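Trainee: My questions will all concern the structure given below.
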Amino acid sequence: MSLLDPAERRRTGIRNQAELLAAAAPEPHTLLDASWRDFIFAEVWSRPQLDRRSRYLISMSGSARSQDTQALDGYVRGALSGGELSLAELREAALHVAVYSGWSVGGCLDAAITRVAAAMGLPPAPIPPIRAEPWDPQARIADGAAGFKNVMVFGGPPPATAYFEAGILNFVFGEMWMRTGLDQRSRRWLTLVGVSDSAASIPIRSHVHAAMASGNTNRAEMNEFVLQYAIHAGWPKASVVQGAVLEQAARVEKGLPFEA
Amino acid sequence: MSLLDPAERRRTGIRNQAELLAAAAPEPHTLLDASWRDFIFAEVWSRPQLDRRSRYLISMSGSARSQDTQALDGYVRGALSGGELSLAELREAALHVAVYSGWSVGGCLDAAITRVAAAMGLPPAPIPPIRAEPWDPQARIADGAAGFKNVMVFGGPPPATAYFEAGILNFVFGEMWMRTGLDQRSRRWLTLVGVSDSAASIPIRSHVHAAMASGNTNRAEMNEFVLQYAIHAGWPKASVVQGAVLEQAARVEKGLPFEA
Amino acid sequence: MSLLDPAERRRTGIRNQAELLAAAAPEPHTLLDASWRDFIFAEVWSRPQLDRRSRYLISMSGSARSQDTQALDGYVRGALSGGELSLAELREAALHVAVYSGWSVGGCLDAAITRVAAAMGLPPAPIPPIRAEPWDPQARIADGAAGFKNVMVFGGPPPATAYFEAGILNFVFGEMWMRTGLDQRSRRWLTLVGVSDSAASIPIRSHVHAAMASGNTNRAEMNEFVLQYAIHAGWPKASVVQGAVLEQAARVEKGLPFEA
């Protein structure tokens with residue numbers, strides 16, 4: 001059995017950190033700095049079970065919740081520099097994070113995008129409106145209901161309260177998820193971070209189910225998601241998500257629908 | 001059926017944003033900026049189901065949790081400029097938020113109040129002590145128990161641990177809720193945001209029940225609360241509160257007490 | 001019965017605040033400032049049921065979650081000045097917080113430590129690696145399993161997913177908890193804050209059980225923990241922890257193992 005070499009682990013960490021954040025890795029001054037290098041960049045980001053674009057999305061939404069501007073700037077700079085995400089996609093991601101984690105959290109990501117885009121001298125992304133023409137309010141609700149079904153793989157709620165009508169149907173599914181500037185698979189990772197942060201059982205379990213039942217991702221990637229998410233939310237919050245992945249993957253593989 | 005016009009929605013958003021934050025609405029540079037205008041200010045804040053004073057309180061406590069200083073400054077400036085809340089009431093609100101969301105979160109709101117009051121040239125609010133004269137420790141606990149009953153509409157816990165005695169009875173209900181500088185209805189919104197953020201089932205459900213059973217608010221306003229709260233906490237966390245509102249409104253309307 | 005005197009409470013608060021934060025207590029300008037003095041420093045920190053070192057650890061991890069840099073600087077300065085925690089111990093604490101609350105939260109504490117250490121002119125703490133020699137991956141997992149059992153007082157999970165293998169076994173218990181630079185009792189307080197913040201039932205209840213079953217702490221101290229934690233997380237989140245303490249203390253005192 002081959003041994004793992006701490007010097008090699010350090011070199012891997014330095015190389016990955018520099019590449020992923022598009023900046024030379026600084027010499028660690030503290031134990032925590034060293035753990036970024038030796039654990040997060042050397043051991044987690046080097047795992048082949050999940051692509052870099054997905055890991056960036058998970059890490060951005062995970063860092064935005066904690067208002068970690070330094071980490072956010074690094075991920076945004078890395079994703080833009082490496083071509084993993086475009087400026088227009090990142091702007092869509094910020095709105096998606098706002099819906100699932102709150103506007104202040106989305107705003108923290110949006111501000112990082114603005115800072116990094118300015119530093120890189122990028123021209124602003126256009127803001128395509130989802131509804132440029134006058135619309136029928138009933139049609140918008142109907143669009144939202146169809147969008148809910150498409151995303152969640154089960155039928156949505158009736159417009160019984162403001163939260164459901166003005167929120168879920170009109171805006172979340174009737175506008176935001178319909179936007180074509182960011183693909184559905186990418187939106188899943190942002191959604192999964194948001195529901196996981198919420199600590200709300202039904203949103204966590206229903207979105208974990210839908211992420212796999214839709215074909216956007218699968219059990220293997222979802223297991224990897226849990227590890228990447230744990231870095232940002234801590235192991236206790238991630239343990240709940242790991243439980244949901246094991247439970248819902250079994251249902252999806254048997255063709256069973258989500259059950260609250 | 002009349003159509004909704006996106007240009008009109010934009011105008012409504014710009015007008016509401018300027019009025020509510022007491023500053024000219026800036027031209028949106030990003031999709032997220034545009035969503036503040038077109039969704040939050042045009043569609044949510046313009047709904048008549050809940051008064052502005054209540055929405056300010058919900059939005060302040062919701063933004064303080066995410067340490068969103070820019071949003072906080074806007075709400076504080078808007079509330080003070082429009083006369084919806086006085087400086088003295090806002091100082092009471094900051095302490096209330098500290099109790100339900102933690103002192104650091106309350107401190108974030110308090111710092112925003114200090115910044116905005118200084119920018120507006122307001123004289124400091126007095127700090128009326130709740131207990132200016134020496135007091136009997138047993139009487140303070142008894143006052144706390146009576147305060148608990150008044151606020152929660154059911155009897156409080158015995159002083160069995162530090163949390164219950166030094167915390168709940170002596171301070172939360174024996175001092176903080178007894179303060180007369182902010183009315184009980186206003187305190188409800190701050191409390192509801194705090195318990196909703198906590199993700200703790202019994203606090204959420206018992207406070208949703210008490211908010212309606214006390215007569216401080218009702219089902220229609222509580223439904224509107226959920227939408228306003230979702231902006232700050234994201235849709236997943238708000239879904240739990242929506243469930244609690246539907247469940248507890250049914251109990252209150254039948255005259256049933258809260259049941260854990 | 002002797003009466004409690006508000007002037008004496010103020011004096012106690014000023015004295016404790018100055019001593020605990022190693023800086024003269026400023027004159028309160030707001031109600032919230034006054035509550036730090038009259039409640040947190042006068043009434044909570046003066047309670048003899050828990051030692052200062054433990055309270056510092058609880059307050060640091062509790063404040064880091066809310067990115068409260070001012071409070072963090074005060075606690076770090078106070079703990080270093082009073083000799084309650086060394087710089088090397090604080091660096092270990094920051095990594096521990098990262099694991100249980102997320103790297104951004106740990107980073108917020110680490111940055112405060114860096115600021116205060118620089119202001120105090122302290123030389124940097126060394127960063128002892130946990131594994132300086134090449135290692136066998138299987139042995140590392142086995143070490144992690146043994147570490148899990150030692151900390152949790154029950155057997156750990158099989159390495160079935162990335163979260164369990166690369167996370168829990170390889171890093172959390174195979175590296176982090178094995179570090180000798182911070183004692184197990186101190187690590188308990190940081191862990192308890194992290195699990196309490198997570199709002200995840202099994203982590204909360206299992207760690208509350210393990211903290212007492214290991215002999216690291218006991219029912220009386222755990223009750224005091226809940227009060228100290230409530231200051232940072234708010235009363236609703238702390239109510240869940242209080243429930244877990246009452247439930248698990250009864251089990252531990254009867255010699256019963258943790259049960260999910």
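Trainee: Those residues that are more than 9 Å from chain A (Cβ to nearest Cβ), farther than 13 Å from C:ALA145 by Cβ and not aromatic (Phe, Trp, Tyr), I need them from region C:173-195; list them, please. Spell out the reasoning first.
Mentor: Initial filter on region C:173-195 (more than 9 Å from chain A (Cβ to nearest Cβ)): C:173-174, C:177-178, C:180, C:182-190, C:192-193.
Those left that are additionally farther than 13 Å from C:ALA145 by Cβ: C:180, C:182-190, C:192-193.
C:THR180, C:LEU182, C:ASP183, C:GLN184, C:ARG185, C:SER186, C:ARG187, C:ARG188, C:LEU190, C:LEU192, C:VAL193, listed by residue number.
Trainee: Hey, can you tell me all the residues within region C:144-172 that are more than 17 Å from C:HIS209 (Cβ to Cβ), within 12 Å of another protein chain (Cβ to nearest Cβ) and part of a helix (DSSP H, G or I)?
Mentor: C:ALA162, C:TYR163, C:PHE164, C:GLU165, C:ALA166, C:GLY167, C:ILE168, C:LEU169, C:ASN170, C:PHE171, C:VAL172, listed by residue number.
Trainee: Please determine whether any residue of region A:211-233 is closer than 17 Å to C:SER201 by Cβ, of a type outside the set (Lys, Arg), buried (at least 24 other Cβ atoms within 10 Å of the Cβ) and not assigned by TED's automatic domain parsing to the domain that holds A:ASN150.
Mentor: Going through region A:211-233, the residues closer than 17 Å to C:SER201 by Cβ turn out to be A:233.
After this cut, where a residue has to be of a type outside the set (Lys, Arg) as well, the list is A:233.
If we keep only those that are buried (at least 24 other Cβ atoms within 10 Å of the Cβ) as well, we get A:233.
Going one step further and asking which of them are not assigned by TED's automatic domain parsing to the domain that holds A:ASN150, we end up with A:233.
Yes.
Trainee: Moving on to the next point. Mind counting the residues in region B:12-43 that are among the hydrophobic types (A, V, I, L, M, F, W, C), farther than 27 Å from B:SER104 by Cβ and within 12 Å of chain A (Cβ to nearest Cβ)?
Mentor: 5
Trainee: Give the residues of region C:107-143 that are under 30 Å from A:SER2 (Cβ atoms), in a helix (DSSP H, G or I) and within 11 Å of chain A (Cβ to nearest Cβ), sorted by residue number. Reasoning before the result, please.
Mentor: Residues of region C:107-143 that are under 30 Å from A:SER2 (Cβ atoms), as a first pass: C:126-143.
Still in the running and in a helix (DSSP H, G or I): C:137-143.
Residues satisfying the conditions are C:PRO137, C:GLN138, C:ALA139, C:ARG140.
Trainee: Would you call C:GLN17 closer than 24 Å to C:ASN223 by Cα and assigned to a loop (DSSP other than H, G, I, E, B)? Give the derivation first.
Mentor: Working: closer than 24 Å to C:ASN223 by Cα: yes; assigned to a loop (DSSP other than H, G, I, E, B): no.
In short, no.
Trainee: When region B:197-217 is examined, which residues are found to be at the interface with another protein chain (Cβ under 9 Å from one of its Cβ atoms) and under 19 Å from B:ALA250 (Cα atoms)?
Mentor: Taking region B:197-217 as the starting set, the residues that turn out to be at the interface with another protein chain (Cβ under 9 Å from one of its Cβ atoms) are B:197-204, B:207.
Result: B:SER201, B:ILE202, B:PRO203, B:ILE204, B:HIS207.
Trainee: So, one more: Residues that are within 11 Å of chain A (Cβ to nearest Cβ), of a type in the set (Val, Ile, Thr) and out of contact with any strand residue (DSSP E or B) (no Cβ under 7 Å at 6 or more places or on another chain): does region C:72-95 have at least one?
Mentor: No, because not a single residue in region C:72-95 is within 11 Å of chain A (Cβ to nearest Cβ), of a type in the set (Val, Ile, Thr) and out of contact with any strand residue (DSSP E or B) (no Cβ under 7 Å at 6 or more places or on another chain).
Trainee: Inside region C:234-259, can you point out the residues that are in a loop (DSSP other than H, G, I, E, B) and surrounded by 24 or more Cβ atoms within 10 Å (Cβ to Cβ)? Walk me through it before giving the result.
Mentor: Quick first cut of region C:234-259, residues in a loop (DSSP other than H, G, I, E, B) only: C:234, C:254-259.
C:GLY234, the sole residue that qualifies.
Trainee: When you scan region C:186-205, do you find a residue that is surrounded by fewer than 22 Cβ atoms within 10 Å (Cβ to Cβ), out of contact with any His (no Cβ under 6 Å at 6 or more places or on another chain) and touching a residue at least 60 places away in the same chain (Cβ under 8 Å), even just one? Write out each step before concluding.
Mentor: At the first step, the residues of region C:186-205 found to be surrounded by fewer than 22 Cβ atoms within 10 Å (Cβ to Cβ) are C:186, C:201-202.
Right, trim to out of contact with any His (no Cβ under 6 Å at 6 or more places or on another chain) and you get C:186, C:201-202.
From what is left, the residues that are touching a residue at least 60 places away in the same chain (Cβ under 8 Å) are C:186.
Yes, because at least one residue in region C:186-205 is surrounded by fewer than 22 Cβ atoms within 10 Å (Cβ to Cβ), out of contact with any His (no Cβ under 6 Å at 6 or more places or on another chain) and touching a residue at least 60 places away in the same chain (Cβ under 8 Å).
Trainee: Continuing with this model, one more query. Which condition from (1) buried (at least 18 other Cβ atoms within 10 Å of the Cβ); (2) at pLDDT 95 or above is the one that A:ALA125 breaks?
Mentor: The single condition A:ALA125 does not satisfy is (2).
Trainee: While we're on this one: Between a residue in region A:76-98 that is of a type in the set (Lys, Arg) and any residue that is modelled with pLDDT under 95, which pairs come within a Cβ distance under 7 Å, given they are 6 or more apart or on different chains?
Mentor: Matching pairs, first to second residue: A:ARG91/A:ALA125.
Trainee: Something else about it: Which condition breaks for A:LEU256 when tested against (1) free of Cβ contacts under 8 Å to residues at least 40 places away in the same chain; (2) more than 25 Å from C:GLY106 (Cα to Cα); (3) within 14 Å of chain C (Cβ to nearest Cβ)?
Mentor: Among (1) free of Cβ contacts under 8 Å to residues at least 40 places away in the same chain; (2) more than 25 Å from C:GLY106 (Cα to Cα); (3) within 14 Å of chain C (Cβ to nearest Cβ), A:LEU256 violates only (3).
Trainee: Out of (1) in contact (Cβ under 8 Å) with a residue 12 or more places away in the chain; (2) surrounded by fewer than 23 Cβ atoms within 10 Å (Cβ to Cβ), the odd one out for B:ALA166 is which?
Mentor: Condition not satisfied by B:ALA166: (1).
Trainee: Given the structure, is B:PRO6 surrounded by fewer than 21 Cβ atoms within 10 Å (Cβ to Cβ) and more than 10 Å from every other protein chain (Cβ to nearest Cβ)?
Mentor: So B:PRO6 fails the test.
Trainee: Next up: Quick one: which helices (runs of 4 or more DSSP H) lie wholly within region C:45-106 and hold at least 1 residues that are surrounded by fewer than 21 Cβ atoms within 10 Å (Cβ to Cβ) and in contact with a Pro (Cβ under 8 Å, 6 or more places away or on another chain)? Quick ask: steps written out before the conclusion?
Mentor: Working: elements: C:52-65, C:69-81, C:87-101.
So the answer is C:87-101.
Trainee: Let me ask something else about it. Please go through region C:221-253 and pick out each residue that is free of Cβ contacts under 8 Å to residues at least 60 places away in the same chain and of a type in the set (Val, Ile, Thr).
Mentor: From region C:221-253, those free of Cβ contacts under 8 Å to residues at least 60 places away in the same chain are C:222, C:226, C:230, C:234-253; that's our starting set.
Answer for region C:221-253, where residues must be free of Cβ contacts under 8 Å to residues at least 60 places away in the same chain and of a type in the set (Val, Ile, Thr): C:VAL226, C:VAL240, C:VAL241, C:VAL245, C:VAL252.
Trainee: Restricting the search to region A:187-209, which residues are at negative phi and outside any helix (DSSP H, G or I)? Don't jump to the end; show me each part of the working.
Mentor: Going residue by residue through region A:187-209, those that are at negative phi are A:187-198, A:200-209.
Across region A:187-209, the qualifying residue is only A:ALA200.
Residue-wise test of (1) within 16 Å of A:ILE58 (Cα to Cα); (2) among the aliphatic types (A, V, I, L, M).
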| site | (1), (2) |
| --- | --- |
| A:ASN170 | no, no |
| A:PHE173 | no, no |
| A:ALA200 | no, yes |
| A:ASN223 | yes, no |
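Trainee: Residues to consider are B:GLU247, B:GLU175; find the one that is modelled with pLDDT under 95 and either closer than 14 Å to A:THR161 by Cα or not small (Gly, Ala, Ser) (or both).
Mentor: Result: B:GLU175 is the single residue among B:GLU247, B:GLU175 that is modelled with pLDDT under 95 and either closer than 14 Å to A:THR161 by Cα or not small (Gly, Ala, Ser) (or both).
Trainee: Given (1) within 20 Å of C:LEU227 (Cβ to Cβ); (2) surrounded by fewer than 18 Cβ atoms within 10 Å (Cβ to Cβ), where does B:THR161 come up short, assuming only one miss?
Mentor: (2)
The values are calculated or read from the model by the stated rules, or taken from the named source; none is laboratory data. Every value quoted in this text rests on a predicted model; they were computed, and no experiment measured them. Note that each Cβ is placed from the backbone with ideal geometry, even for glycine, and that neighbours are counted across all protein chains shown.
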